[in-house]
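Here is the structure we will look at.
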Amino acid sequence: MEVRWERSRTERLTEGLTVAVASVLSFGLLAYPAAFFGAAVRHLVTDTGTTVFSRLSAPLVFLTFVALPLVLARVVFRSGLRKGYERLTAAVSAALTLLGLSVVSFAALGLILVYAD
């Protein structure tokens, strides 16, 4: 006989708030460097003296730095669910992964912007 355990409303709310706060902080960390780097990519792509390789690689690097934290946070969340953790525990570990990778991406974008010229 299987016993189905229902999650309480507060647990679902806590899980949702944890993920929402981590997503907002991650977006805040990446918004300015992503916008600045996006403008630099647009300038690089429309510049007449650039090579085809740089025109293709610059947007790929930009997308990698922005999308990688989200993809890896999803992998951590799914891995936590497969290991049998509760959804809240898996969400917290995914949120911490999202924040940590956003800080790393922020630092990497900052270094690229500083040393690109």
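Remarks
- In this view, the solvent-accessible surface of residue 113, computed with a 1.4 Å probe and all protein chains in place, comes to about 40 Å².
- Here the label points at residue 27 and residue 61, each 7 Å from Cα along the C-beta direction, are separated by 2.7 nm in the simple model.
- Fraction of accessible area attributable to carbon and sulfur, the range 45-108 (%, probe 1.4 Å): 73 percent
- Inter-label distance for residue 112 and residue 72, nm, one decimal - labels placed 7 Å from Cα along Cα-to-Cβ: 1.4 nm
- Probe 1.4 Å - accessible area at residue 86, Å² to nearest ten: 100 Å²
The values are calculated or read from the model by the stated rules, or taken from the named source; none is laboratory data. As the structure is a computational prediction, the values presented were derived from the model and not from experiment. As a convention, Cβ positions derive from the backbone with ideal geometry for all residues, glycine included, and neighbour counts pool all protein chains shown. Note: accessible area is taken over every heavy atom of the protein model, side chains too, but ligands, DNA and RNA are not part of it. Shrake-Rupley method; radii C 1.70, N 1.55, O 1.52, S 1.80 Å.
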